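K.L.:
The structure follows.
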Amino acid sequence: MVRRPPVLAAAIIGVAMMAAAAHAQAPKTFSVHFDENQTAIPKDGQAALGAAVEMAQECAKAQVMLVGHDDGAKADEVSLARANAVRTAIVNAGGVNAGDIKVEGRGAKQLKVSAPNSQNRRVDISVSCK
């Protein structure tokens, strides 16, 4: 058994605790883009969804925030339906409890571009580790 001086052991523990705290404070954001008037997650959105799920599964306890957006006439209901579709996919993938996922639909309130565009039809996924 290797004995380390108490000061060195305390330093190692301190660095590990700081690294864990930094990891817990750094949320990462992913976006899943949707086809017009659709709530089904498209194939090209699977990569972002998979990356978000993978990060959440690596956390001791993940906190996930989903914010749906749209630019159409029924923006409020469509944006919320998209966010709920992403929530269902994340829960079904495992590793994240439904209670650790918050869902919002913002409709057309935060457009990325002014014209109708797939960048506006999205769900932003924010994952942070506690």
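K.L.:
List the pairs whose first member sits in region 73-90 and is at negative phi, whose second member is in a helix (DSSP H, G or I) and open to solvent by 30 Å² or more (accessible area, probe 1.4 Å), and whose Cβ atoms are under 8 Å apart, counting only residues at least 6 apart or on separate chains?
P.N.:
Pairs found: R87/A98.
K.L.:
Only one of V96, V64 is under 15 Å from P27 (Cβ atoms), of a type outside the set (S, T, Y) and assigned to a loop (DSSP other than H, G, I, E, B). Can you tell me which?
P.N.:
Of the residues listed, the single one that is under 15 Å from P27 (Cβ atoms), of a type outside the set (S, T, Y) and assigned to a loop (DSSP other than H, G, I, E, B) is V96.
K.L.:
I've got another one for you. Any chance you could count how many residues in region 47-72 are open to solvent by less than 70 Å² (accessible area, probe 1.4 Å) and either in contact (Cβ under 8 Å) with a residue 60 or more places away in the chain or aliphatic (A, V, I, L, M) (or both)?
P.N.:
Number satisfying all stated conditions: 14.
K.L.:
Which one of G107, G95 is modelled with pLDDT under 90 and open to solvent by 50 Å² or more (accessible area, probe 1.4 Å)?
P.N.:
Matching residue, one of G107, G95: G95.
K.L.:
Moving to a separate point now. Go through region 109-127 and count every residue that is touching a helix residue (DSSP H, G or I) at 6+ places or on another chain (Cβ under 7 Å) and more than 16 Å from I41 (Cβ to Cβ).
P.N.:
1
The values are calculated or read from the model by the stated rules, or taken from the named source; none is laboratory data. These numbers come from a predicted model, not from an experiment. Using ideal geometry, Cβ is built from the backbone for each residue, glycine included, and neighbour counts are taken over all protein chains shown. With ligands, DNA and RNA removed, areas are computed over all heavy atoms of the protein, side chains included. Shrake-Rupley method; radii C 1.70, N 1.55, O 1.52, S 1.80 Å.
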